[in-house]
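A.B. asks: Let me begin by handing over the structure; questions about it come next.
The values are calculated or read from the model by the stated rules, or taken from the named source; none is laboratory data. Values in this document were obtained by computation on a predicted structure and should not be read as measured data. Every residue, glycine as well, gets a Cβ built from its backbone with ideal geometry; the counts of neighbours run over all protein chains shown. Ligands, DNA and RNA are stripped out before the accessible areas are found, and what is left, the full protein with its side chains, is counted by its heavy atoms. Shrake-Rupley method; radii C 1.70, N 1.55, O 1.52, S 1.80 Å.
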Amino acid sequence: MADTTKRYDPSDIEDRWYAYWEDLGAFRAERSGKPPHVIMMPPPNVTGRLHMGHALQDTVQDALTRMRRMQGYEALWMPGKDHAGIATQNVVERKIKAEEGKTRHDYGREAFVDKVWEWVDEYGDIIFQQKRKLGDSCDWSRERFTFDDAYVRAVQDVFVKLYNDGLIYRGHYLVNWCPVDMTALSDEEVNNIEKEGHLWYIRYPLAEGEGHIEIATTRPETMLGDTALAVHPEDERYQHLVGQHVQLPLTDRTIPIIADDYVKMDFGAGALKITPGHDKNDAEIGKRHDLEVIGIMNPDATLNEYGGAYAGMDRFDARDRIVADLEAQGYLIKVEPYTNTVPISSRSKAVIEPLISRQWFVKMEPLAKPALEAVRSGEIKFYPERWANEYYRWLENIRDWTISRQLWWGHRIPVWYYTDENGEIDEERDFVVAIDQPEPGMVQDEDVLDTWFSSWLWPFATLGWPEESDEEINADLDYFHPGHVLVSGYDILFFWIARMIMAGLYFKGEIPYRDIFITGMIKDKQGRWMSKSLGNGIDPLEMIEQYGADAVRFSLTILCAQGQDIKLDPTKFEMGRNFANKIWNAFNVFGQFMETDAEGLPTKDYRRTRAFDELELVERWMLTRLNQTILQVEESVSRYRLNEALGAIYATFWGDFCDWFLELSKPQRGEDGELGTMSDEKIALATEVFETLLQLLHPFMPFITEDLWWKVRPRAEGEACMLSAWPKANETEIDEDAAQVFGLLQELVSGIRSVKSKYGVSPGKAIRAVVNLPAEAERLKDALQQSDRYFEKLAKVTDLTVGSGVEKPKASAAVVAGTSEVFIPLEGMIDLNEERARLSKEIEQKERFLKSIAGKLRNEKFVSRAPAAVVDRERQKQADITAELDRLRANLSDLG
RNA sequence: GGGCGAUUAGCUCAGCUGGUUAGAGCACUUGCCUUACAAGCAAGGGGUCGUAGGUUCGAGUCCUACAUCGCCCACCA
């Protein structure tokens, strides 16, 4: 007797099987004769904790990896983590602040970086432990970090190459400056959000003579950096003033009035203050007119010496004061409420201050072109396709990438400067771009690189690129690159996915992968992003604890439809839990009759001895369904419709295998109430189907399937489910005929049950039934006559008659199924009115249906234009329904 | 301002290149602790597929507007 309990308890087995797989080395991928299948795990931040987004994406990646592995591929799922510059630095800064009351400056750069390393060593692998709980079958022996020595080298090589190719430059430009993190950011790291603000109308008096020009601004404090006032060249109000000057209020400066057709005459006051040091558009206008650039802010967004009386104040305090002073001095004309877009750091949420700063940039256009072409040509495909449009849009409008960051935690920029006698950087002399210090005394650039400047190399730097002297590495790169599919969310389409494609093509000369599967994002029940601040997150580990990893994986997969966001709430995992429980108990049906050893493991290998055509109806039907399901799964997975694949297995397992096959296969209770037994032949069939279903389910629900795998057959050492050969559909065991006959049987059984339920006949009460078949259906008649046992088991029909032209017994209910019908004599229980109503309702429904078909067929255009197959199908339907109606009417009139 | 997505049963969602009488899970009703499973079984009820047009023999599916919600992008101060 197998050792199973009624309720499946996942906590019992999951860790055990994970350890077993790892010990077996089952996750490892090595260069072999097999075709490779490679997935690069998007490296989580070292600060990361497993969240539902990871759980979803890992489930998808693991399912694909496990399936390919079973299908005979050398499946590599490469894990790793990202040093995540700002994020990690922030975490450690917060920690030392909280624990020691210190800032990173108290530590100094070197000591602080050491502190971060300490943190990484202590906490950096937590997420990988969490991923193990989920069942991730990635090759941990290949785990990489974007700060591994070899990886650092790759990043520096890439910098040097891009510089030498003329694609990296340094310069003073207006950049997105975050005053909280005190670093430059790329455009992608900035979000524009709508915010209620004000539009202040301010008067700038003419320097020469009477009068003034009115301007409008949303950021009055920037006026301290104004170096011109612009009007439209065709604006008749101001034309005559161009070339003159205005007095800049609150300062002793005067600024020129210039004409530029960027100015919209009808917006605001029709004139524009120009602050080239703090506004992107103004900077361009400034360049056109060769204006002076004044930066009025310090890195922390307090005003600097150009702020005059406001120097040292925070920019927003200064704004209030300036407005108050303008008003007091009569320069403020009016204030209007105004909604404008404000740039926010995606990391710190601080309002970004555009300011001029010396930074490093990558010229993107030359990189973008091939990347565009790779997708346009179809070499790389997006699933779902629509994401290709987002990708095009971004690449077609690509802007240069600000890659330098004023942080301490990150890849140092491989640029060196000469120093003067005081040890200060000698700005007079050229810098040198080199990985190692070119000359003693030279100092390295203080800045570090954007995190994504290292992660864009992930698909090949993780394999050891660019080390060319090492044969192992070369062979690995040859074999495992390019990869096959990238699974990711759309949130990092620009940050990472697009840049990886650029990097792959530019540095490696190859696309990084063929397919990109973009999953939806996990949202809360109300469709909001899950976040710490909202406290609406669902912790995958708690869910695993509560429902089991397989249940979590099942539910996430089944909910993951083609890129749609998932509104998740914990009760969704009940679906998976219930299914796991169903699987567990289904095994028990036949497992309890197997010969087992003391540990409950099978000692006998039950194999079917009969050929397919010797099997009985339900068996042929079940194998047919199984083989159809295998085909369906393959088809769905090839299009990354994992929800559909898993849904198909679920329906077959529960709706076919459990509800019909097992119900018919399990032993019947003996006459005297004693438990029956199951023949070896029956056990063999159940085992065969169940085992195959376990394999189909394994990629999605690895733990329970592995556990039961060992319980259905004696296995040799190491003969794990996860390493078993993926089932092949056996097309010779697809029997459409059996499917059709069994389908009719299902209809008749359901009809009988329905009648019993309708008339309050207890399901357990034995009844008689008479099946009436059309005269020509000899084959059906034989099949159903042999199926009396099925009717008994499923509907408690103890007396079955099957024939054609059979007389309808007195006082019986009738169920019509196509051209067949079944009579259920219910002497004394049947309510004639009820029965009439029941039949009438059915007749009405069929008549409506028939009418719509007849309508179609009367339509000449339909008959002439629709494909012949469609028309034939309608004709067939018409004939079927007509026959069915005849019977229904006959049955009705029978009732008198 | 531009683009994308969503709108299908009470709820959450599938529904692919148009073609059986639109499906699932949950919830609901009725009956069952039928010795695999009450995390279950059986039988049911419930949908004019957001609105209005159009294309087509045929539309949940394609087209055009519109509405509502959500997301992305964008230099009108």
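A.B. asks: Suppose we filter the stretch A:199-222 for residues that are within 11 Å of RNA strand B (Cβ to nearest atom) and in a strand (DSSP E or B); how many remain?
C.D. replies: Number satisfying all stated conditions: 8.
A.B. asks: Pairs only if they're at least six apart or on different chains, beta carbon under 8 angstrom, first in the stretch A:755-784 and hydroxyl-bearing (Ser, Thr, Tyr), second in a helix (DSSP H, G or I) and open to solvent by 30 Å² or more (accessible area, probe 1.4 Å); list them, first residue then second.
C.D. replies: Listed by first residue and then by second, the contacts come to A:759/A:834.
A.B. asks: What are the pairs with Cβ atoms under 8 angstrom where one residue, in the stretch A:585-598, is part of a loop (DSSP other than H, G, I, E, B) and the other, located anywhere, is more than 9 Å from RNA strand B (Cβ to nearest atom) and open to solvent by 30 Å² or more (accessible area, probe 1.4 Å)? Sequence gap at least six, or different chains.
C.D. replies: Matching pairs, first to second residue: A:592/A:1; A:593/A:677; A:594/A:604; A:595/A:603; A:595/A:604; A:597/A:603.
A.B. asks: The conditions are (1) open to solvent by less than 80 Å² (accessible area, probe 1.4 Å); (2) at pLDDT below 90; (3) within 18 Å of residue A:205 (Cβ to Cβ), and residue A:237 fails exactly one of them. Which is it?
C.D. replies: With respect to (1) open to solvent by less than 80 Å² (accessible area, probe 1.4 Å); (2) at pLDDT below 90; (3) within 18 Å of residue A:205 (Cβ to Cβ), residue A:237 is out only on (1).
A.B. asks: Checking the condition within 30 Å of residue A:160 (Cβ to Cβ) and within 16 Å of RNA strand B (Cβ to nearest atom), which residue from A:544, A:522, A:516, A:511 passes?
C.D. replies: A:516
A.B. asks: Would you be able to say whether some residue in the stretch A:548-559 is within 20 Å of residue A:492 (Cα to Cα) and buried (at least 16 other Cβ atoms within 10 Å of the Cβ)?
C.D. replies: The answer is no, given that none of the residues of the stretch A:548-559 is within 20 Å of residue A:492 (Cα to Cα) and buried (at least 16 other Cβ atoms within 10 Å of the Cβ).
A.B. asks: Since residue A:481 meets every condition but one in (1) of a type outside the set (Val, Ile, Thr); (2) modelled with pLDDT of 95 or more; (3) more than 18 Å from residue A:51 (Cβ to Cβ), which condition does it not meet?
C.D. replies: (2)
A.B. asks: Another question about this same structure. Check residue A:704 against each of (1) within 16 Å of RNA strand B (Cβ to nearest atom); (2) within 22 Å of residue A:608 (Cα to Cα); (3) open to solvent by less than 10 Å² (accessible area, probe 1.4 Å) and name the one condition it does not meet.
C.D. replies: (2)
A.B. asks: What's the total number of residues in the stretch A:444-486 that are crowded, with 21+ Cβ neighbours inside 10 Å and farther than 18 Å from residue A:503 by Cα?
C.D. replies: Matching residues across the stretch A:444-486 total 3.
A.B. asks: Residues of the stretch A:316-333 being under 15 Å from residue A:249 (Cβ atoms) and open to solvent by 70 Å² or more (accessible area, probe 1.4 Å), which ones?
C.D. replies: A:321, A:327, A:328, A:329
A.B. asks: Here's a follow-up. Being without any contact (Cβ under 8 Å) to a residue 40 or more places away in the chain and either surrounded by 15 or more Cβ atoms within 10 Å (Cβ to Cβ) or small (Gly, Ala, Ser) (or both): is that true of residue A:845 here?
C.D. replies: No: the conditions fail for residue A:845.
A.B. asks: Hey, residue A:76 hits all of (1) more than 16 Å from RNA strand B (Cβ to nearest atom); (2) assigned to a loop (DSSP other than H, G, I, E, B); (3) buried (at least 24 other Cβ atoms within 10 Å of the Cβ) but one; which does it fall short on?
C.D. replies: For residue A:76, the failing item is (2).
A.B. asks: From the list A:856, A:851, A:861, exactly one residue is open to solvent by 70 Å² or more (accessible area, probe 1.4 Å), in contact with an Asp or Glu (Cβ under 6 Å, 6 or more places away or on another chain) and over 17 Å from residue A:770 (Cα atoms). Which is it?
C.D. replies: The unique qualifying residue is A:856.
A.B. asks: If you go through the stretch A:588-598 one residue at a time, how many are touching a Lys or Arg at 6+ places or on another chain (Cβ under 7 Å) and within 6 Å of RNA strand B (Cβ to nearest atom)?
C.D. replies: 1
A.B. asks: Here is a further query. Based on what the data block shows, is residue A:785 open to solvent by 70 Å² or more (accessible area, probe 1.4 Å) and away from RNA strand B (no atom under 13 Å from the Cβ)?
C.D. replies: Judged against the criteria, residue A:785 is a match.
A.B. asks: Looking for something out of contact with any Cys (no Cβ under 9 Å at 6 or more places or on another chain) and free of Cβ contacts under 8 Å to residues at least 40 places away in the same chain - is there at least one such residue anywhere in the stretch A:813-824? Spell out how you get there, then give the answer.
C.D. replies: Narrowing the stretch A:813-824 to residues out of contact with any Cys (no Cβ under 9 Å at 6 or more places or on another chain): A:813-824.
When the remaining residues are screened for being free of Cβ contacts under 8 Å to residues at least 40 places away in the same chain, the result is none.
No, the conditions are met nowhere in the stretch A:813-824.
A.B. asks: Which ones in the stretch A:566-587 are near RNA strand B (Cβ under 7 Å from one of its atoms) and surrounded by fewer than 18 Cβ atoms within 10 Å (Cβ to Cβ)?
C.D. replies: Answer for the stretch A:566-587, where residues must be near RNA strand B (Cβ under 7 Å from one of its atoms) and surrounded by fewer than 18 Cβ atoms within 10 Å (Cβ to Cβ): A:567, A:571, A:574, A:575, A:578, A:582, A:585.
A.B. asks: What's the number of the only condition in (1) more than 29 Å from residue A:801 (Cβ to Cβ); (2) free of Cβ contacts under 8 Å to residues at least 40 places away in the same chain; (3) within 11 Å of RNA strand B (Cβ to nearest atom) that residue A:690 fails to meet?
C.D. replies: It fails just one condition, (2).
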